[in-house]
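To start, the structure under review is shown below, and the notes come after it.
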Amino acid sequence: MKVFDFDNTLYHGESAVDLAFFMIKNNKRILLWIPRILWNLMKYKLCLVNREGMEQAINKFLQSVIRDKEELFQQTRQFWKTHAHKLDRRIISLIKPDDIIISAGPDFLIGAVKNKLGTSNLLCSEINYEDMSVKYLNFGDNKVKRFRQLYGDNKISAFFTDSYNDKAMMDISEKVWLVSKGKIKRIR
């Protein structure tokens, strides 16, 4: 089985950041969060963020900005109508129904385009919609924990990612492919 990261691998960019910017037109409260979003994105790109810090930042954002789950779902559907073109069809064409997409991105965001991804096997961060908080942050070594919970010791024949933040997943994969702007390079 092959496993694919989502952001900057199957999707050109950070989908959650793009969604936040998209939502500004209907929710001006997000404007106050732009500096924090960009700061946290920079820390993530430099592999300087830990799971606890990331979870706290997401919880504060969700609880401060999102009114309710219906608003979130409606905005997400609208987002994909204008951003589905950022899905990399060439890399998505490598995905078979038994393959897996694993992401730190939230379930509501990636699940909304499941029908375009070639598999229904999605391992994403989970949100508690009652109190707008992270139920499970699928980031770093949590990706391996979730993978092992669901798939046991099944071998990953190839792992596709854009980031060394996914080192834990790289370590359990036979082959590792680094994806950058739609170009694939084998690094192991």
*How large is the helix-only mean residue ellipticity at 222 nm for the chain, computed as the sum of -39500 (n - 2.57) over DSSP H runs with n ≥ 4, divided by its residue count, in deg cm²/dmol to the nearest 500?*
-11500 deg cm²/dmol
*Would you mind putting 63-72, 133-142 in packing order, based on average other-beta-carbon counts within 10 Å, highest first?*
133-142, 63-72
*Which ³J(HN,Hα) values in Hz, rounded to whole numbers, follow from the phi angles of the stretch 31-42 under the Karplus curve 6.51 cos²θ - 1.76 cosθ + 1.60, where θ = phi - 60° and Gly and Pro get x?*
3, 5, 8, 3, x, 5, 4, 5, 4, 5, 5, 4
*Before anything else, pin down the relative contact order of the chain: Cα pairs under 8 Å, at least 6 apart, normalised by residue count, whole percent.*
28 percent
*On the protein heavy atoms, probe 1.4 angstrom, tell me the percent of accessible surface of the stretch 1-109 carried by carbon and sulfur.*
58 percent
*asked:* Shape verdict for the stretch 45-105, please, from the Cα gyration tensor: rounded (a/c under 1.5), prolate (a/b greater than b/c) or oblate.
replied: oblate
*Which of rounded, prolate, oblate describes the stretch 1-54, given a ≥ b ≥ c as roots of the alpha-carbon gyration tensor eigenvalues and a/c under 1.5 marking rounded, otherwise prolate only if a/b is larger than b/c?*
oblate
*Under 24 Å between alpha carbons - lysine pairs in the stretch 28-91 that sit 8 or more apart or on different chains*: 9
*Using a ≥ b ≥ c from the Cα gyration tensor of the chain (square roots of the eigenvalues), is it rounded, prolate or oblate, where a/c under 1.5 gives rounded and otherwise the larger of a/b and b/c decides, a/b for prolate?*
prolate
*Carbon and sulfur %, accessible surface of the stretch 120-168 computed with the full protein complex present, 1.4 Å*: 46 percent
*Relative to the longest principal axis of the C-alpha atoms of the chain, give the angle of the C-alpha long axis of helix 141-151, reported between 0 and 90° and rounded to the nearest 10°.*
60 degrees
*How much of the DSSP beta bridge set in the chain is antiparallel, as a percent to the nearest 5?*
35 percent
*Cα to Cα, under 16 Å, and not fewer than 8 places away if on the same chain: which aspartates and glutamates meet these conditions relative to Lys167?*
Asp5, Asp7, Asp141
*Considering only protein heavy atoms, what per residue accessible area in square angstrom results for the chain with a 1.4 angstrom probe?*
51 Å²
*Run the dipole for the chain about the Cα centre, Lys and Arg Cβ at +1, Asp and Glu Cβ at -1, nothing else charged, and hand back the magnitude in debye, nearest 20.*
640 debye
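The values are calculated or read from the model by the stated rules, or taken from the named source; none is laboratory data. This structure is a prediction, so every number in the text was calculated from the model and none was measured. Counting neighbours? That spans all protein chains shown, and the Cβs are built from the backbone with ideal geometry, glycine included. The accessibility values were calculated without ligands, DNA or RNA, using every heavy atom of the protein model including side chains. Shrake-Rupley method; radii C 1.70, N 1.55, O 1.52, S 1.80 Å.
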